[in-house]
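Take a look at the structure set out below.
Nothing in this text is a laboratory measurement; each read-out follows from the coordinates by a stated rule. All values reported here derive from a predicted model rather than from experimental measurement. Reconstructed Cβ throughout: ideal geometry from the backbone, glycine too, with neighbour counts over all protein chains shown.
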Amino acid sequence: MGMDACMLCPRMCGVDRESGEKGYCGMDRKLRAARAALHMWEEPCISGTRGSGAVFFSGCSLRCIFCQNYEIAQGNCAREISGDRLSEIFLELQEQGAANINLVTATHFAPAVIGALKKAKTQGMYLPVIYNSSGYERVETVQMLEEVVDVWLPDFKYMDPELAFACSKAKDYPEVAVAAIREMMLAGGRCEYDDNGYIQKGVIVRHLILPGHTKNSIAVLDELYETYGKDLTISLMNQYTPLPQVRDIPDLNRRVTKREYEKVLDHALDLGITQGFFQEGGTAKESFIPLFDYEGL
């Protein structure tokens, strides 16, 4: 899949990004990123004490209204880098002691990222590669990435298509994410860890609880558990932070309450979900959002 009539993401806008046009993602063919550095705020098996070698790519094909990385998702924070430079970045993160390479929102740059990873691997890059995604992925793009990705870290944001449309202009999100996660499970399977507890292979599905929308969260958990049972690791997050762009949107302009989080967590435990990560109360702090200052680029 090339970029001359781009169909990499489920928007399938068909734009000629190769010639400099911008797709729904806000990006043309040129690789752009906002940060490449050790990231300490992922799940313990990803960040641990070493940190995850996170590369935050600019632009996004989902562009949620409440996005915690709004500046880069909108493409406002973007520095151009070459494919060769990206390969070097992967190797530099390895030298810094990263536990893994963490590709954050890379869908719209998939062909270039695959090329850069292959080159880095020929030059000694051996870390597991994590594909950190919104979950809004075409199965065909996931299949393209399978030769270079070891760990899949998709979100599963919505089972409610109306909420998906209101927040992300993607009414088809539930069915698209279900199909994408199914393919990721075929590729990655159950999680495998090294002797120090760092993930090497597998799938962790994240769900960010949205304030005022516990029914959606419960429906997401039901879908995942009914489909995969204990084969799937789930990360339930209560770190939602209301940023300036949602100040006038009811519910989204506040944090998740302790009662809301406990309602969703109790449901997860009632289902029998034990394979996973649950955040303690009071973790919704702005500190989860890194500085997008072009570090490491």
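Spin-label model, residue 143/residue 295: points 7 Å from Cα along the beta carbon direction are separated by 3.9 nm.
So what is the relative contact order of segment 1-82, in percent, for Cα pairs below 8 Å that sit 6 or more residues apart?
Computed value for segment 1-82: 25 percent relative contact order.
Of all lysines in the structure, the ones whose alpha carbon falls short of 18 Å from that of residue 121, not counting any fewer than 8 places away in one chain, are 201.
Could you work out the helix-only [θ] at 222 nm for the chain, with each DSSP H run of four or more residues adding -39,500 (n - 2.57) and the total divided by the number of residues, to the nearest 500 deg cm²/dmol?
About -9500 deg cm²/dmol.
Determine the gain in length on full extension of the stretch residue 121-residue 201; use 0.36 nm per residue of separation and subtract their C-alpha separation, reporting nm with one decimal.
Values: separation 80, 0.36 × 80 = 28.80 nm, distance 1.68 nm.
Gain in length upon complete extension: 27.1 nm.
Gap in Å between the Cα centre of segment 28-81 and the Cα centre of segment 228-269? The two parts, judged by their Cα centres, are 21 Å apart. Label-to-label distance for residue 74 and residue 192 is 4.3 nm, based on points extended 7 Å past Cα in the beta-carbon direction. Counted as membrane-span-like here are DSSP H helices of the chain whose alpha-carbon atoms extend 15 Å or more along the helix's own axis and whose Kyte-Doolittle mean is 0.5 or above; these are 173-188. For the chain, the relative contact order is 17 percent, taking Cα pairs closer than 8 Å that sit 6 or more residues apart in sequence and dividing their mean separation by the residue count. Each of (1) 1, 5, 9, 12, 11, 9, 7, 6, 5, 4, 4, 4, 4, 4, 4, 4, 3, 2, 1, 0, 0, 0; (2) 1, 6, 12, 17, 20, 19, 14, 8, 3, 1, 0; (3) 1, 5, 10, 13, 14, 13, 12, 10, 8, 6, 4, 2, 1, 0, 0 is a candidate for P(r) over Cα pairs in 5 Å bins from 0, in percent; the one calculated from this structure is (2). Determine the shape class of segment 161-279: with a ≥ b ≥ c the square roots of the Cα gyration tensor eigenvalues, call it rounded for a/c under 1.5, and otherwise prolate if a/b is greater than b/c, oblate otherwise. It is prolate, given that a/c is not under 1.5 and a/b is the larger ratio. Name the shape class, rounded, prolate or oblate, that the alpha-carbon gyration tensor gives for segment 48-121, where a ≥ b ≥ c are the square roots of its eigenvalues, rounded holds for a/c under 1.5, and otherwise prolate holds if a/b is larger than b/c and oblate otherwise. Oblate.
Remark: relative contact order (segment 163-297) = 22 percent; criterion is Cα-Cα distance under 8 angstrom and separation of 6 or more residues.
Mind checking segment 164-252 for trypsin sites (Lys or Arg not before Pro) that DSSP puts in a loop (not H, G, I, E or B) and that have at most 10 other Cβ atoms within 10 Å? Each step should come with its number before you reach the end.
Numbers: sites: 169, 171, 182, 190, 201, 206, 215, 230, 247; in loops: 169, 171, 190, 247.
Here the sparse-neighbourhood loop sites are 247.
Under 18 Å of direct C-alpha separation, and excluding same-chain neighbours fewer than eight residues apart, residue 22 reaches these aspartates and glutamates: 4, 71, 80. Each of 207, 193, 234 was scored by the projection of its Cα onto the charge dipole of segment 186-234, and the greatest displacement toward the positive side belongs to 207; charges sit on the C-beta of Lys, Arg, Asp and Glu.
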